Amino acid sequence: MRIIGDTDLSVFELCLGTNPFGWTASEQESFDVLDAYVAAGGNFIDTADSYSVWADGHVGGESETVIGHWLAARRCRDELVIATKIGSLGGLSAENVRARVDDCLQRLGIDQIDLLYAHRDDPDAELEETVRAFDEVVKAGKARYLAISNYEPDRLEEAIAITEREGLAKFVALQPHYNLLERSYEQTRAGLVKRYGLACVPYFALAKGFLTGKYRPGQAGVSERGRLDGSSYADDRGWRALAAVDEVAAAHGTTDSAVALAWLLAQPTVVAPISSARTTDQLAEQLPMLTLELSDAELERLAVATA
Ligand SMILES: NC(=O)c1ccc[n+]([C@@H]2O[C@H](COP(=O)([O-])OP(=O)(O)OC[C@H]3O[C@@H](n4cnc5c(N)ncnc54)[C@H](OP(=O)(O)O)[C@@H]3O)[C@@H](O)[C@H]2O)c1
């Protein structure tokens, strides 16, 4: 288990992403994945009010609703760290923050969110208004801790500066786009994460499925995720990266997914990568990351192959 910043949130080293729930995974398949994740010791669940608004006929909230049904059925809320995000639907004005948090709580069927993220910056809202609204959510007991995702570094620092200047609830984690094939975090944000003592909880840890090894040259149609699938990595750089992942996986008799996730977990500042699974078989390919020890030479080999 790992600790988020200086909080009392103790989390499993693999955070379960849930954008497939109610989208590419039926409610039953989602329950199966959640059950298997908890059976493996998992306690850290990542969702958002906007999942899966991009799918035909969806309005957002589908993932939270499935999780809410599962929490009600399993009665295990107290054993879990539940993270959700607001801001992608209607922005981050104070009014929208209040309304969306209430919607999240209702769909999840809980009284308090453990980790509430600002999902993305809202250029139309005053940053101080947003930060104050998040603070009020904490003061009202509707969220325990705050976090942030997808902000440009200067805006991230500005938001942190406001919390420090005004004595508001601080941000304890950053959720950046970071994986073996997306490395800009290392130059643009890792320094800030260190400086402010944030926990890095990277998303798209499997490069939208590409790093699982299921994409191969000449193969098409391996995912139904549309614009959220990994096909954009299917080029010379992607195949080079995959060859390195394959090689390390073979040396350990493990899966490509485990190698990609273990590499990310081993990076400075990373507390727990987030990946999703549509089925329990997919989750089973990811879980060996927990015990996989990559040597310094292997970590370097992977980093160089994907630089
Ligand atoms: N903060 C943000 O802005 C943001 C943005 C995106 C995501 N997220 C969070 O991060 C989580 C992870 O991102 P993601 O789910 O989009 O991408 P990801 O974790 O990189 O890829 C997961 C997808 O890859 C496929 N997959 C996983 N394991 C597999 C295996 N063993 N074999 C074959 N295919 C496998 C599945 O899709 P298919 O089988 O359907 O192809 C699965 O849904 C999300 O669920 C969400 O919680 C946050």
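On the beta carbon distance between Glu157 and Arg2, with R0 = 30 Å, the FRET formula returns roughly 0.80. Taking a ≥ b ≥ c as the square roots of the Cα gyration tensor eigenvalues, with a/c under 1.5 meaning rounded and otherwise prolate when a/b beats b/c, else oblate, which class fits segment 1-139? Because a/c hits 1.5 or more and a/b fails to exceed b/c, segment 1-139 counts as oblate.
Counting only Cβ charges, +1 for Lys and Arg and -1 for Asp and Glu, the dipole size of the chain around its Cα centre is about 200 debye. The count of lysine pairs in the chain whose Cα atoms are under 27 Å apart, excluding pairs fewer than 8 places apart on the same chain, comes to 10. Centroid-to-centroid, using Cα positions, segment 213-256 and segment 259-295 are 15 Å apart.
Let me check I've understood the local charge: for Gly209, count other residues with C-beta under 13 angstrom from its C-beta, Lys and Arg +1, Asp and Glu -1. What total comes out? Counting the neighbours of Gly209, the net charge comes to +2. In terms of the mean number of neighbouring beta-carbon atoms within 10 Å, the peptides 239-247, 144-152 order highest first as 144-152, 239-247.
Kindly identify the chain as rounded, prolate or oblate by the Cα gyration tensor criterion: order the square roots of the eigenvalues as a ≥ b ≥ c, call it rounded if a/c is under 1.5, otherwise compare a/b with b/c, prolate if a/b is larger, else oblate. Judged from the Cα gyration tensor, the chain comes out prolate (a/c at least 1.5, a/b above b/c). As a length-normalised measure over Cα pairs under 8 Å and 6 or more apart, the relative contact order of segment 159-231 settles at 28 percent. Taking a ≥ b ≥ c as the square roots of the eigenvalues of the alpha carbon gyration tensor, segment 196-257 is oblate, as a/c is not under 1.5 and a/b does not beat b/c.
Averaging the sequence gap over all C-alpha pairs within less than 8 Å and six or more residues apart, then dividing by the number of residues, gives the chain a relative contact order of 19 percent. Taking label points 7 Å from Cα along the Cα-to-Cβ direction, Ala72 and Ala297 give a separation of 5.6 nm.
Here segment 76-140 is assigned +1 on the Cβ of each Lys and Arg and -1 on the Cβ of each Asp and Glu. Its dipole about the Cα centre then comes out at about 220 debye. How many angstrom separate the Cα center of segment 35-98 from the Cα center of segment 160-183? Their Cα centres are 20 Å away from one another. Using the Cβ of Arg107 as centre and a radius below 11 Å, the other residues enclosed give a net charge of -4, where K and R count +1 and D and E count -1. Helical runs (DSSP H, four residues minimum) scored at -39500 (n - 2.57) apiece and divided by the length of the chain put the mean residue ellipticity at 222 nm at -12000 deg cm²/dmol. Here segment 2-175 is assigned +1 on the Cβ of each Lys and Arg and -1 on the Cβ of each Asp and Glu. Its dipole about the Cα centre then comes out at about 460 debye.
FYI, it's all coordinate maths here, none of it is from the lab. Just so we're clear, the structure is a prediction, and the values are computed from it rather than from any experiment. No Cβ is skipped: glycine too gets one built from the backbone with ideal geometry, and neighbour counts run over all protein chains shown.
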